[in-house]
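Engineer: Sharing a structure, written as structure tokens. Questions coming.
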Number of protein chains: 4
Amino acid sequence: MSSWGNYLKISIFGESHGGGIGVVMDGLPAGEFIDREALLLQMGRRAPGKDKAATPRSEADTPEILSGLLNDTTTGAPLCAVIRNTNTRSQDYGNVLSCPRPSHADYTGFVRYHGFNDIRGGGHFSGRLTAPLVFAGAVARQILARRGIRIAAHISSVGALTDSRFDPVQIPADLVERLSTTTFGLIDTDKEIPMRALIEEHRQQGDSIGGTIECAITGMPAGVGSPMFGGVENVLSSILFGIPAVKGIEFGTGFEGTLLSGHEHNDAFRYDGDTVRTVTNHNGGILGGISSGMPIIFRLAIKPTPSISQEQDTVDLTQKTNTTLAIKGRHDPCIVVRAVPVAESAAAVAMLELLKDVNML
Amino acid sequence: MSSWGNYLKISIFGESHGGGIGVVMDGLPAGEFIDREALLLQMGRRAPGKDKAATPRSEADTPEILSGLLNDTTTGAPLCAVIRNTNTRSQDYGNVLSCPRPSHADYTGFVRYHGFNDIRGGGHFSGRLTAPLVFAGAVARQILARRGIRIAAHISSVGALTDSRFDPVQIPADLVERLSTTTFGLIDTDKEIPMRALIEEHRQQGDSIGGTIECAITGMPAGVGSPMFGGVENVLSSILFGIPAVKGIEFGTGFEGTLLSGHEHNDAFRYDGDTVRTVTNHNGGILGGISSGMPIIFRLAIKPTPSISQEQDTVDLTQKTNTTLAIKGRHDPCIVVRAVPVAESAAAVAMLELLKDVNML
Amino acid sequence: MSSWGNYLKISIFGESHGGGIGVVMDGLPAGEFIDREALLLQMGRRAPGKDKAATPRSEADTPEILSGLLNDTTTGAPLCAVIRNTNTRSQDYGNVLSCPRPSHADYTGFVRYHGFNDIRGGGHFSGRLTAPLVFAGAVARQILARRGIRIAAHISSVGALTDSRFDPVQIPADLVERLSTTTFGLIDTDKEIPMRALIEEHRQQGDSIGGTIECAITGMPAGVGSPMFGGVENVLSSILFGIPAVKGIEFGTGFEGTLLSGHEHNDAFRYDGDTVRTVTNHNGGILGGISSGMPIIFRLAIKPTPSISQEQDTVDLTQKTNTTLAIKGRHDPCIVVRAVPVAESAAAVAMLELLKDVNML
Amino acid sequence: MSSWGNYLKISIFGESHGGGIGVVMDGLPAGEFIDREALLLQMGRRAPGKDKAATPRSEADTPEILSGLLNDTTTGAPLCAVIRNTNTRSQDYGNVLSCPRPSHADYTGFVRYHGFNDIRGGGHFSGRLTAPLVFAGAVARQILARRGIRIAAHISSVGALTDSRFDPVQIPADLVERLSTTTFGLIDTDKEIPMRALIEEHRQQGDSIGGTIECAITGMPAGVGSPMFGGVENVLSSILFGIPAVKGIEFGTGFEGTLLSGHEHNDAFRYDGDTVRTVTNHNGGILGGISSGMPIIFRLAIKPTPSISQEQDTVDLTQKTNTTLAIKGRHDPCIVVRAVPVAESAAAVAMLELLKDVNML
């Protein structure tokens, strides 16, 4: 299902080479001013062609808001935004009709939909479908910011090249501000040159490379989230795995934390004035599924872009034979870069859902 | 929310030291024979006191089935099982009323429920609440097995000690059978002695240690799962983060796979007779959220048990002062061991949900 | 599905002649004191054998609360109550295995569940399953009363004999109090003798009779409910049709109101101090799906009890022949009487759901 | 919430005088051919200006399908249709900003959304929002027809003038075909002249009149629907009350059936060849919430259109005083006529949901 949410429902539609894509957001609070410039800024961060590490496919990607806003203020009725598909070159994908691209959804989508799914450009499975998600997140983050909640992510690694990590106990507001408005987000900006070089190297080889994203949510009050299946981790992961190429998520110390003993990993509580805080934040701001008031921190594993131009082994579903495939078309050699604002956006939508769960919205 | 599922709904209830715990399963197919011995075998794998690496708290944990079964066959009506709480020693937890245990849900639950939640033994946040989840999974796996789908997990690491990994392309049926019925699941059984030694060492120090679990689902047909938010990864993670102490999940190569380039990571398609298979399975049996027919493989990060008997820094919420805490009571020094059947169980429930989504149940 | 609700989820389980029946309520606010005497009073209103117009089957129907309450106060965790089945005489229903009772769910349940459903006493379709619904409602109405919201229903007709109707603009508090605690609820108590006589007449003939229930909800603030499918009417009807034998629902003037012209039917607004009220209340307190602040009023159509002892035509599903059936067992000749507290209870649960939707709970 | 459905989700958006309205359908089966002419025919039945008994406001109401269709065949991805708002005259509604129209959602919407909702033309509460519902139904009914399921409704009354009723046991296919394609649906077409005269009389008086709609669903197999809250009645009513002005629903004999005794009302089973049928169909094709294989029959109560041009008492929310209001603008004197295809459409969507619940879709 391309619908998500229990309290704040989003419904995403569209196929890469169809008439248009978009999103309906149902359950937004009324009376929230939405800055259209800020929306476009976020859309632009994800848009192709904005950064040379990304695909040259360039699109206006300007959303048209059909409903739910009056005088740039939410009415409480569902907000629908539509983005037209304009710059499509379907012939690039002609050969995937019978020969599924390795590590793509071509084959599984074919089986799931009995061959009826639109496979041009990946159809509904295309990374382009993250545009409406970024739109939804751009709306959500304005509502969150008004309540002191902010979200920022960065490229924490490309291949073996790593950025610094967030200090999980204290994340500077100016860092959050910078990361949440840039297109090649790094804590340690010195890493930009080597990372771009690594990506460019893979592009020239007709290859691609994976990476990781680290995301922080600051200002979230303690006590948000519900036990068992309504926890912050459940809600975040259920939306974040909707981003293509995400193959893992960890909160706080995550997998590395499993090497620690309890006395090393436990986050001691201390009063900071009247506020209870933890001295460390190995749990990533979440205890028992519920926010602790510390920054919420998670990392995503992004697999290498499956679309590479090197020849690959595949099958011909029509001929029922083995064959090879060389993917044409324009593709990101490292999808991590553009996935950064998408991760922030999904997290923003999830935070609205969680706040509504505890009557804070 | 302690309810989960859209097609097959489970609703888990209970607190560690209350009258009882249990689960309602709504949406099971009618006419499925349920072997009660097999249920008890699975319940026993998770039960405390069964393995010396776990807490000595021993409970009958025998579920009473109140509804939904007639002649040991599902009626199609909701199946409710209740497990009584019998062996509770609430005085062990007396001091946590005002002093939250670090890295536990005591503090966040207190804020979430304004101090009204039952904190004896962790209340509704207790690991004991995984017993009804194992019950639900034990029902689910019998229904799955009848359709050729089997689930097995193992302790893939305790601290820095690692077990072998599954061969993601071909998992022997006898290995699956062995792992899914044991209490200290390892592929490489030679690792049992050193792992138990490491756990025992932490116990003697009043400490604990984390670890990871690897889980495989075999026999899942291709084409199961839905795009975006209805994918196998979304559905699995949304239930698996309901298991206490889970702080990360990765599918296929996960975080390690981000180091690879596309030509290394992509899984080539090949015909195996009439069946399309992949030569490698770096994607963990999931492409675009939909099963590929290859084994579904995921790993979980389990943080070190937060309940340790060493003295720790915390706060006194009543006095509003900093203080220290030494947790009494009986606790697992490594929760990974008992979490193995819980992970399998949650995965089994998720598979029923996914099969029903595509009309295969 | 026997689960209901988006914000406050209830999951009802059990079969008439199984081990027990019950309900899980997930999403209750924490910190609500629950008076157990008041619970039993409500359970008693629905219980068989309490009123001579009802079936003589007598059961303790005492719910055991397994979770979610500590010191008689909600913890915020799911509240589960179990009611044991004790007084069952399955042999009374022996013949329905192959011969479905006309107007019952025997046949449709058989088809739906491929013959695996428990048909003893109606199984999961039994009117007995309204006991957990009354329990849930009894919890809900205490939470509502604390917020000034009260619910009362009465027998508005048995066959052609009618009670007076509520004054939809002003419902006296003492009438609400009286109706919500009685077992044969009438506004005009003079109607009790003729109504009981009519019911008794049908009992003696081995027959049954239908009727209607009118229900009022007072104290509901204006602005509760959401547009289109989240309206008060949608939410109420989606739960009320879960009561067996309900075949119709109308709000305000309902079907009679269709005879009116707009100028007769429209409810004029007037200020009453600072409060906006309507002069009439033909809309039953709901405009555009949202509460207007006036009493919410609905009526239910209850078909005649299908279990009658007169011989009836049916089929033998085993022999695949036509045959006749005389139903044995103990049955209510007019289910309307006991359905009154069930209707109130379902409405109470629905009101909690609606209040939570607008952050008022 | 303007979203509906568990298996087949629809999400409706738009405001009467905003940029556009539309619907996203998520969960449609792939591979279904959709005849665009048939879609337009259904849209046309509801469109204003097509029938002189309706409002003269004329709109193209031509939906643009943005996604989910390829070569006029469903792809399985969400189908989104957008209808532009072109013919809006907002000044007609200028005075309702402060003075809520009696029996409309103006006042309750104002309270619900704290004054931020778009009230021009009723905003999201406008009857115009039924256009996307008719679109969704028009898609659904083509999928249903391919499985032998058909839906037809008629004006069963306008004020006190009544049409004949369906024979609930046998509904001729040609009648279903005729009704499901006409704009003034009557079984007894002789009633058209007097009904139109009655409507015209109310129009000339600046008044309106209510009525009822009867709807039949034929070809539905037995065994569809789930117990308690997943029954056919629950599902149908939860969507049908989303149609503005619907104030009541009854299935089978409904309220009239409450006058009957059990021996009169019970529907005897008989074999018709190998098929089990009922001799009568007082239960409207639904037993215990599950379809019996007989026609499903329900009736809706439609209140008189609240928009009348006669002067009415209301309040001025800005001045906080009582005042009067004369509504300008173009309105249907009897909304029943155009609500007929809307009722059919909502029923069609509900049938898809129910079929999917039992794996028949």
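Engineer: Regarding C:L129, is this residue closer than 19 Å to C:M360 by Cβ, assigned to a helix (DSSP H, G or I), in contact with a strand residue (DSSP E or B) (Cβ under 9 Å, 6 or more places away or on another chain) and not β-branched (V, I, T)?
Structural biologist: In short, no.
Engineer: Going by what's in this entry, would C:G248 be described as within 7 Å of another protein chain (Cβ to nearest Cβ) and touching a residue at least 12 places away in the same chain (Cβ under 8 Å)?
Structural biologist: The answer is yes for C:G248.
Engineer: Against the conditions (1) more than 24 Å from the chain's Cα centre (by Cα); (2) within 18 Å of C:G284 (Cα to Cα), where does C:G225 fall short? Just the number, please.
Structural biologist: It is condition (1) that C:G225 fails.
Engineer: Another one. Residues in the range A:330-346: is at least one in contact with a His (Cβ under 7 Å, 6 or more places away or on another chain) and among the aliphatic types (A, V, I, L, M)?
Structural biologist: Among the residues of the range A:330-346, at least one is in contact with a His (Cβ under 7 Å, 6 or more places away or on another chain) and among the aliphatic types (A, V, I, L, M), which makes the answer yes.
Engineer: At least 1 residues that are without any contact (Cβ under 8 Å) to a residue 24 or more places away in the chain in each: list the strands (runs of 3 or more DSSP E) lying fully within the range D:291-341 that qualify.
Structural biologist: The qualifying strands (runs of 3 or more DSSP E) are D:321-325.
Engineer: Which of the residues that make up the range C:1-51 are over 20 Å from C:K356 (Cβ atoms), of a type in the set (G, A, S) and either within 12 Å of chain D (Cβ to nearest Cβ) or not in a loop (DSSP other than H, G, I, E, B) (or both)?
Structural biologist: Within the range C:1-51, C:S2, C:G14, C:G20, C:G22, C:A38, C:G44 meet the criteria.
Engineer: Out of everything in the range C:69-86 that is in a loop (DSSP other than H, G, I, E, B) and at the interface with another protein chain (Cβ under 7 Å from one of its Cβ atoms), what residue ends up being nearest to the chain's Cα centre (by Cα)?
Structural biologist: Restricting to residues being in a loop (DSSP other than H, G, I, E, B) and at the interface with another protein chain (Cβ under 7 Å from one of its Cβ atoms), the top hit is C:P78.
Engineer: Same structure again: Working only within the range B:185-213, note down all residues that are away from every other protein chain (no Cβ under 12 Å) and crowded, with 22+ Cβ neighbours inside 10 Å.
Structural biologist: B:G185, B:M195
Engineer: Going by the conditions given, is C:I187 under 23 Å from D:N283 (Cα atoms), among the aliphatic types (A, V, I, L, M) and not in a helix (DSSP H, G or I)?
Structural biologist: When the stated conditions are applied, C:I187 does not pass them.
Engineer: Looking at B:R150, B:R178, which one is of a type in the set (K, R), under 26 Å from B:D35 (Cβ atoms) and surrounded by 19 or more Cβ atoms within 10 Å (Cβ to Cβ)?
Structural biologist: B:R150
Engineer: Taking the residues in the range A:103-118 that are out of contact with any Gly (no Cβ under 7 Å at 6 or more places or on another chain) and either in a helix (DSSP H, G or I) or among the β-branched types (V, I, T) (or both) as candidates, determine which candidate is surrounded by the fewest Cβ atoms within 10 Å (Cβ to Cβ).
Structural biologist: Here the residue is A:F110.
Engineer: Taking the range D:287-314 only, how many residues are more than 30 Å from D:V224 (Cβ to Cβ) and either surrounded by 24 or more Cβ atoms within 10 Å (Cβ to Cβ) or more than 7 Å from chain C (Cβ to nearest Cβ) (or both)?
Structural biologist: Here is the first cut: in the range D:287-314, the ones more than 30 Å from D:V224 (Cβ to Cβ) are D:303-314.
Checking the rest, the ones that are also either surrounded by 24 or more Cβ atoms within 10 Å (Cβ to Cβ) or more than 7 Å from chain C (Cβ to nearest Cβ) (or both) come to D:303-309, D:311, D:314.
The qualifying residues number 9.
Engineer: Are any of the residues in the range D:350-361 more than 14 Å from chain B (Cβ to nearest Cβ) and surrounded by 24 or more Cβ atoms within 10 Å (Cβ to Cβ)?
Structural biologist: yes
Engineer: Kindly list the number of the only condition in (1) within 30 Å of C:K9 (Cα to Cα); (2) of a type outside the set (S, T, Y); (3) within 9 Å of chain C (Cβ to nearest Cβ) that fails for D:G257.
Structural biologist: Among (1) within 30 Å of C:K9 (Cα to Cα); (2) of a type outside the set (S, T, Y); (3) within 9 Å of chain C (Cβ to nearest Cβ), D:G257 violates only (1).
Engineer: Then there's this: Take the conditions over 29 Å from A:V224 (Cα atoms), at pLDDT 90 or above and not in a helix (DSSP H, G or I) and apply them to A:H124. Does it pass? Steps first, please.
Structural biologist: Working: over 29 Å from A:V224 (Cα atoms): yes; at pLDDT 90 or above: yes; not in a helix (DSSP H, G or I): no.
So A:H124 does not fit the description; no.
Engineer: Going residue by residue through the range D:260-281, is there one that turns out to be more than 8 Å from chain C (Cβ to nearest Cβ) and within 17 Å of D:S156 (Cα to Cα)?
Structural biologist: Checking the range D:260-281: not a single residue is more than 8 Å from chain C (Cβ to nearest Cβ) and within 17 Å of D:S156 (Cα to Cα).
The values are calculated or read from the model by the stated rules, or taken from the named source; none is laboratory data. Keep in mind the model is a prediction, meaning the values are calculated, not measured. Neighbour counts run over all protein chains shown; Cβ positions are idealised from the backbone, glycine included.
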